[in-house]
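Coordinate-derived values only; no laboratory data. If you're wondering where the values come from, they're calculated on a predicted model, not measured in any experiment. Cβ placement follows ideal geometry from the backbone for every residue including glycine, while neighbour counts extend to all protein chains displayed.
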């Protein structure tokens, strides 16, 4: 299922001015090293951090704002690498958790000849979809002036309920 787009929800009046909390997925994108070929035809792939909510948190920070990310990662090399990338980009990672029983999500991204992207996700389920209400850092979320989230976290439980509680 393709993402429906990102959404921004208003949050509590006790929010910290300019503080953006982004909730959802961060994953590893594997992008063919040649555009316009199928995944099967690709001679190789480049790994890159992905996930629209995480991209927003990094962009806010790079533009001089203050941001945090709330999400769950596999307790694996990719998960730790992604949280390190958030920190290197100045994103508060207090809301990041690791799951010892699930992997970090992966996506293979096809770059079509017309420049459009097509995603094939490996996440059945991945750690990001297993975030529960009880695991939420609500203090962090309530400090947000803007609460940003993507639609993928609304697809399945338990993440759907965590998402609704957070927003």
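For the reader, a short list of remarks on this structure follows.
- The chain - share of DSSP beta bridges that are antiparallel (%, nearest 5): 45
- Among [x] 15.6; [y] 16.1; [z] 17.6, the entry that matches Kirkwood radius over Cα pairs in Å as calculated here: [y]
- For residue 98 and residue 59, a Förster radius of 41 Å and the Cβ-Cβ distance give a FRET efficiency of 0.95, rounded to the nearest 0.05.
- Model label zone, residue 113; criterion: amide N under 17 Å from point 7 Å along Cα-to-beta-carbon; scope region 16-40: 34-40
- Taken over the C-alpha atoms, region 78-167 has Rg and Dmax values of 14.7, 45 angstrom.
- Estimated FRET transfer efficiency when R0 is 30 angstrom, pair residue 134-residue 85 (beta carbons, to 0.05): 0.70
- Helix 52-62 axis versus longest C-alpha principal axis of the chain: approximately 70°, rounded to the nearest ten.
- In nm, spacing of pseudo-spin labels at residue 35 and residue 154 (7 Å Cα→C-beta vector): 3.1
- By the beta-carbon count within 10 Å of each Cβ, the least crowded to most crowded order of 139, 99, 75, fewest first, is 139, 75, 99.
- Label point at residue 47 placed 7 Å out along Cα→Cβ; residues across region 96-113 whose backbone nitrogen lies under 19 Å: 97-110
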